[in-house]
1. Rounded, prolate or oblate: which fits the chain, taking a ≥ b ≥ c as square roots of the Cα gyration tensor eigenvalues, rounded meaning a/c under 1.5, else prolate when a/b beats b/c?
2. How far apart, in nm, are two points set 7 Å out from the Cα along the Cα-to-Cβ line at residue 216 and at residue 71?
3. Can you show me the helix-derived [θ] at 222 nm for the chain, built from DSSP H runs with n ≥ 4 at -39,500 (n - 2.57) apiece and divided by the number of residues, rounded to the nearest 500.
4. At R0 = 51 Å, how high is the FRET efficiency between residue 114 and residue 279 if r is their beta carbon distance? Nearest 0.05 is fine.
5. Kindly put 307, 36, 323 in sequence by how many other C-beta atoms sit within 10 Å of each C-beta, fewest to most.
6. Please give the contour-minus-distance gain from residue 195 to residue 100: 0.36 nm per residue of separation, less the Cα-Cα distance, rounded to one decimal in nm.
7. Sorting 133, 19, 204 on the 10 Å Cβ count, fewest up front, what's the list?
8. Modelled label-to-label distance, residue 333 and residue 15, 7 Å Cα→beta-carbon offset: nm?
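Coordinate-derived values only; no laboratory data. If you're wondering where the values come from, they're calculated on a predicted model, not measured in any experiment. In this analysis, Cβ positions are derived from the backbone assuming ideal geometry, glycine residues included, and neighbour counts consider all displayed protein chains.
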Ligand code: 13P
């Protein structure tokens, strides 16, 4: 099934949203997801044996956002509620640091997942309560785009169910409506989880189904697709599957999936890294870009695949900040090249 494009109609007057989408999807740039909840940020800090204290979280984020020249490769950064309210040591609010460098501040607005009663192992995301008020405040704090993550897990033949996908699609749609009404670009993220023993073909089937249901729902509720960004998983065999696919196989499956499910007027598509190593995330993005121009601009929006090499260089030591910032620049540059199909893994001795 191929979607008929959503026609340009009289609703299409969201110029500000389109400007934000254009800024975020600027060629050769990607979006950093620095939006871990405080508890997930603690897991990252634990990798370098730091306790989960606000000052350590702030130090790491300050290192990222103030890295000299990073705006050459990053068009935007997704923040978390406590991060959008944080300041540098010099007292500059984080969103202002980003805006001053020409990067667009974003905000994660879902409040994590909860069980979908009656559907073993399936979850829905929370956070619609008071979301209009939260959007108004986030807008005042500088946010111009917002992410909502839904989690789709592949298990047996019955999981995920259409019921769980549909419920998540409705929640994503309601949040996207509220975001656009507030002048904020929704970045809808139905993450098909990489962990598992499923095949590449099963991942393709589930991702296609998920995106078809999501975009049907978004269109039913008249969300302006041109003023929206899809944040997607790459189509990957599960990490426990015996046959791991080549970047070319992954690229073909991913682009085939999008052509079967993503209307052509969607403003852009960005990828999460999903637990792949930094090198594989970059190689796979490169293979996707090498397939040539698509109806949508496509780039990266990684968290772990960018932050982990930076954390490892930093180790929580102030004297390592300049070197860690150089690592951030390097990883971002490699992904910038990959988003243009110009990354050469043979020349890259650093990413692992
Ligand atoms: P990863 O790149 O670590 O998967 O994170 C991206 C993201 O935004 C997950 O919600």
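1. Numbers: a/c = 1.39, a/b = 1.18, b/c = 1.18.
Since a/c stays below 1.5, the shape of the chain is classed as rounded.
2. 4.4
3. Working: 12 runs with 152 residues, N = 352.
It lands at -13500 deg cm²/dmol.
4. Details: r = 34 Å, r/R0 = 0.67.
With a Förster radius of 51 Å, E is 0.90.
5. Working: 307 25, 36 22, 323 13.
Fewest to most other Cβ atoms nearby, the residues stand as 323, 36, 307.
6. My answer for the length gained is 30.4 nm.
7. Numbers: 133 10, 19 14, 204 21.
So the ranking, lowest neighbour count to highest, is 133, 19, 204.
8. Taking the simple label geometry, residue 333 and residue 15 are separated by 3.8 nm.
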